[in-house]
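Everything on this sheet refers to the single structure shown next.
The values are calculated or read from the model by the stated rules, or taken from the named source; none is laboratory data. Here the structure is a predicted model, which is why all the values come from computation and not from measurement. Virtual Cβ from ideal backbone geometry, glycine too; neighbours counted across all protein chains shown. Remember, those area values only see protein heavy atoms, side chains included, never the ligands or the DNA or RNA. Shrake-Rupley method; radii C 1.70, N 1.55, O 1.52, S 1.80 Å.
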Amino acid sequence: MLVDGYGREVDYLRVSVTERCNFRCQYCMPEKPFSWVPKENLLSYEDLFKFIKVAIDEGVKKVRITGGEPLLREGLDNFVRMISEYKDDIDLALTTNAYLLPGSAQKLADAGLKRINVSLDSLIPEVAHKIAQKDVLSTVLKGIQAADDAGLKIKVNCVPMQGINDSELCDLLEFCKQKNYPIRFIEFMENDHADSSAKGYDSIQIQNILKAKYKFEKLERTGSSPSQDYKTDDGYVFGIIEPHKDDFCATCNRIRLTASGVLIPCLYFEDSQSIKEAIQNNEIDKAAAILKDVLANKPEKNKWSEDSTVSARAFYETGG
Ligand code: SAM
Ligand code: SF4
């Protein structure tokens with residue numbers, strides 16, 4: 001079992017396979033970065049898998065593949081298969097913008113993927129275009145349907161942004177409720193890489209918007225999910241991820257690996273250590289020792305709860 005310096009059991013590894021993306025979401029990567037990590041500096045799937053095996057052997061039970069946009073990296077279904085064949089009861093999930101799912105959902109499901117989280121910030125084509133800076137909505141909706149048809153469990157992530165998609169939160173909730181997909185509204189986390197004019201909403205403001213149409217009650221927090229869940233009076237459960245309260249840090253169970261082999265103990269902070277050399281040299285014990293050292297130094301909580309703090313971390317690098 002992996003335990004951090006605050007006694008929290010860490011059993012969830014998020015693995016970014018690329019920082020590249022085919023969208024330019026205003027809250028994440030509004031412009032193409034000055035330079036991408038050169039392809040030769042990325043860990044191969046074989047090397048990422050070597051580290052995932054270390055983590056699973058040490059007690060990780062859930063692996064989520066993310067990015068950037070993970071479906072941009074060729075051969076993702078083979079990577080999924082490597083992990084699912086190593087441990088078939090692993091909770092294996094993917095976070096994606098859904099744009100490339102129409103052609104890949106079935107292959108991913110066949111390879112052993114169980115669940116996906118998709119980003120869906122708007123149901124109005126022009127608004128979705130404004131957020132992603134590309135005409136994406138119809139393909140994204142086809143991608144979500146393809147995942148559903150392939151039997152993947154679906155959750156939806158939405159980042160409410162002031163003056164952009166705020167008039168649609170009830171419609172987004174209704175869409176997900178009809179489809180029986182849990183939706184989680186994520187408070188915008190301020191970061192240096194987002195559009196400087198981007199402004200989000202806090203949980204209370206999001207609840208107030210939803211109260212115009214829905215009656216709901218707060219549910220007691222269980223497990224390690226960062227989501228504070230709410231139940232509507234007709235039984236639909238949705239969530240709000242509230243990093244500005246940092247409540248979920250007390251039960252944080254996650255660690256992140258970037259595509260270039262950097263282990264990140266907290267989404268907010270820049271602290272990290274690389275496992276790249278150890279993995280490429282097949283020094284498996286050394287990689288396990290670095291993992292434990294990173295966990296021993298995992299911060300107690302993020303700093304978004306402090307007024308006007310902005311993280312220097314790029315979401316497209318850490319995988320969110
Ligand atoms: N490209 C995939 C996607 O969009 O789902 C996976 C990577 S993306 C970085 C993972 C998650 O981070 C998405 O749900 C996205 O909405 C969220 N995210 C990105 N930037 C964020 C920000 N500044 N605040 C809150 N959530 C953010
Ligand atoms: Fe790309 Fe996802 Fe970031 Fe949007 S949130 S720019 S889809 S990585």
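List the lysines whose Cα lies under 16 Å from the Cα of K39, skipping any in the same chain that are fewer than 8 positions away.
Candidates past the 8-residue exclusion: K276.
Exceeding 22 Å between C-alpha atoms, which entries from my cross-link table qualify? They are K114/K231; K177/K211; K245/K298; K114/K245; K218/K303. Intermediate results must be reported in sequence, preceding the final value.
Numbers: K114/K231 25 Å; K177/K211 15 Å; K245/K298 18 Å; K114/K245 30 Å; K218/K303 24 Å.
From the list (K114/K231; K177/K211; K245/K298; K114/K245; K218/K303), the Cα-Cα distance tops 22 Å for K114/K231; K114/K245; K218/K303.
What cysteines in the chain have no other cysteine with a beta carbon less than 4.7 Å from their beta carbon?
C21, C158, C170, C176, C249, C252, C266
Please check: in the Gaussian network model of the chain (C-alpha springs, under 10 Å), which one of Y201, Y268, Y27 has the largest mean-square fluctuation.
Ranking Y201, Y268, Y27 by mean-square fluctuation puts Y201 first.
For the pair Q273 and E220, what calculated FRET efficiency results from E = 1/(1 + (r/R0)^6), where r is the Cβ-Cβ distance and R0 = 30 Å, to the nearest 0.05? Please report the intermediate quantities before stating the final value.
Details: r = 36 Å, r/R0 = 1.19.
That gives a FRET efficiency of 0.25.
Ignoring any ligand, DNA or RNA, what whole percent of the accessible area of the chain comes from carbon and sulfur when the probe is 1.4 angstrom?
Values: 6610 of 14040 Å².
Reported share for carbon and sulfur atoms: 47 percent.
Could you tell me which GluC sites (Glu not before Pro) in the stretch 218-320 are loop residues by DSSP with no more than 13 other beta carbons within 10 angstrom of their beta carbon? Please report the intermediate quantities before stating the final value.
Working: sites: E220, E270, E277, E283, E300, E306, E317; in loops: E220, E270, E283, E300, E306.
In loop regions of the stretch 218-320 (DSSP not H, G, I, E or B), the sparsely surrounded GluC sites (Glu not before Pro) are E220, E270, E300, E306.
Quickly work out the K231-to-D135 label distance, labels modelled 7 Å from Cα along the C-beta direction, and quote it in nm with one decimal.
The two pseudo-label positions are separated by 4.4 nm.
R0 = 25 Å: FRET efficiency of E306 with D192, Cβ-based, nearest 0.05? Write out the running numbers ahead of the final one.
Working: r = 16 Å, r/R0 = 0.63.
With R0 = 25 Å, the Cβ-Cβ based efficiency is 0.95.
As a test question: what accessible area, to the nearest 10 Å², does R14 have when a 1.4 Å probe is rolled over all protein chains in place?
Approximately 20 Å² for this residue.
Would you kindly calculate the mean projected area, averaged across all directions, of the convex hull enclosing the Cα atoms of the stretch 12-310, in square nanometres? The partial results should precede the final answer.
Numbers: hull surface 59.5 nm².
Averaged projected hull area, Cα only: 14.9 nm².
Modelled label-to-label distance, E40 and K61, 7 Å Cα→beta-carbon offset: nm?
4.3 nm
Can you work out the accessible area per residue across the stretch 192-320, with the rest of the protein chains kept in place, probe 1.4 Å, in square angstrom? Let's see the in-between values first.
Numbers: 6250 Å² over 129 residues.
Per residue, the stretch 192-320 has 48 Å² of solvent-accessible surface.
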